[in-house]
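The values are calculated or read from the model by the stated rules, or taken from the named source; none is laboratory data. The structure presented is a predicted model; accordingly, all values stated were derived computationally and were not measured. Please note: Cβ atoms are built from the backbone with ideal geometry, for glycine as well, and neighbour counts cover all protein chains shown. All accessible areas refer to the heavy atoms of the entire protein, side chains included, with ligands and DNA or RNA removed. Shrake-Rupley method; radii C 1.70, N 1.55, O 1.52, S 1.80 Å.
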Amino acid sequence: NDVYTAGFEFSGNLQLAKYWKNSTSVTLGTGASSAYCIVTNGSDVYVGGWETVNEFVNSRYWKNGIATTISAYDPIISREVTTDGHCSGLFLNGSNVYATGFYRNSQGRFSPWETTNGFAPANTIPNNDKHCYASAIFVSGSDKYVAGNQLNATRGLAMATIWKNGVATTLTEGTVSVGVATAVFVVGSDVYVAGWEQENYYGGGPTYAKYWKNGVPVKLATVSSAATGIAVFGNDVYVSGWENNGTNNVAKYWKNGVSVNLTDG
């Protein structure tokens, strides 16, 4: 019957990472910070996010309020680096907590990482040596799936990407479009990824909420929109996100492609 929520709250001008158990808040950060994701296992509460430490943004992993800075091993310089990054996704599988995020490497580019139970340094996920971001992680059996995006090597546009055990599959091409993957859910051999795509970047077109099942796109809206999360139960596919009604962005979810508004706009 307990509901856990991760996020942040301003104390004066200072943004602080927090989580709420039901309506009771727990402050996680002491410096400027934010929490992005949360999982629980019995009485243990795990939260991922970031916190500013000595003027640098650090990837943070909190277990029961105790912070760990998630450093990453930078293969370019063969050493551990700690600054400028986020922990953006957590996944609980049995007693193991899997985390993913990104850090700025020695070349000034963001690279994705993944780790288990807060172990640091995290493993850098192989990438194309352009800006790459990890948003979410899902573990099925011995397979790790990380959703995010990486820049096209020639055009420099973001491509929605899913990494399976470190091997990347791009869901968008990044030649005339911009794509971002925000969430991943796996059922058996089926891999569902939610996100959005701006199909006509150079023409300034809108972003469209989408999900991909095994790489095949399903477009959820025909107006400005984005998908933020995905879950599959039986034959039903649920996607959270928002859609613009011409004036405001309206929070909603889609069940099997049919939208349900959560606010009146």
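For the reader, a short list of remarks on this structure follows.
- Anchor LYS210: aspartates and glutamates whose Cα lies under 13 Å away (excluding residues fewer than 8 positions away in-chain): GLU197, GLU199, GLU243
- Within the full protein context, the accessible area of PHE119 is estimated at about 130 Å² for a probe radius of 1.4 Å.
- Amide H within-cut-off set for LEU220, under 5 Å, with H built and near neighbours excluded: ALA209, LYS210, TYR211
- Note on region 1-150: with charges restricted to the Cβ of Lys and Arg (+1) and Asp and Glu (-1), its dipole about the Cα centre is near 60 debye.
- Under the criterion of Cα pairs below 8 Å and six or more residues apart, the relative contact order for region 151-230 equals 23 percent.
- Exposure ranking of THR263, THR69 by accessible area [1.4 Å probe, largest first]: THR263, THR69
- Of (i) 19.0; (ii) 18.1; (iii) 21.5, the label for Kirkwood radius over Cα pairs in Å derived from the coordinates: (i)
- Between the alpha-carbon centres of region 236-265 and region 178-205 there is a gap of 16 Å.
- Bridging of LYS164 to aspartates and glutamates at a Cα separation below 17 Å is possible for GLU114, ASP143, ASP190, once same-chain residues fewer than 8 apart are set aside.
- Modelled FRET efficiency - R0 30 Å, ASN128 with TYR4, Cβ distances, 0.05 increments: 0.25
- Our Cα-only numbers for region 1-88 put the radius of gyration and Dmax at 13.7, 48 Å.
- Cβ-Cβ distance of ASN165 and ASP264, R₀ of 45 Å, FRET efficiency by 1/(1 + (r/R0)^6): the value works out to about 0.55.
- Dipole magnitude of region 75-203, debye to nearest 20 (Cβ charges: Lys/Arg +1, Asp/Glu -1, about Cα centre): 260 debye
- Phi-derived couplings, Karplus 6.51 cos²θ - 1.76 cosθ + 1.60 at θ = phi - 60°, listed residue by residue for region 211-226: 9, 10, 10, 6, x, 8, x, 10, 8, 9, 8, 10, 10, 3, 6, 7 Hz, with x used for Gly and Pro.
- Normalised by the number of residues in region 114-265, the average gap of Cα pairs under 8 Å and 6 or more apart makes the relative contact order 12 percent.
- Stretching SER142 away from SER11 to a fully extended chain increases their span by 42.9 nm, per 0.36 nm per residue minus the current alpha-carbon distance.
- Placing +1 on the Cβ of every Lys and Arg and -1 on the Cβ of every Asp and Glu, with no other charges, gives the chain a dipole of roughly 160 debye about its Cα centre.
- Candidate lysines for bridging to LYS63, where Cα separation is under 23 Å - those fewer than 8 sequence places away on the same chain excluded: LYS18, LYS21, LYS144
- Computed from Cα atoms alone, the Kirkwood hydrodynamic radius reported for region 145-265 is 14.4 Å.
- Over region 115-172, volume per residue of the alpha carbon convex hull, in Å³: 82 Å³
- Interchain or long-range residues, amide H under 5 Å from VAL57's placed H: ASP84, GLY85
- Residue among LYS164, LYS21, LYS130 with the largest mean-square fluctuation in a Gaussian network model of the chain, springs linking Cα atoms under 10 Å: LYS21
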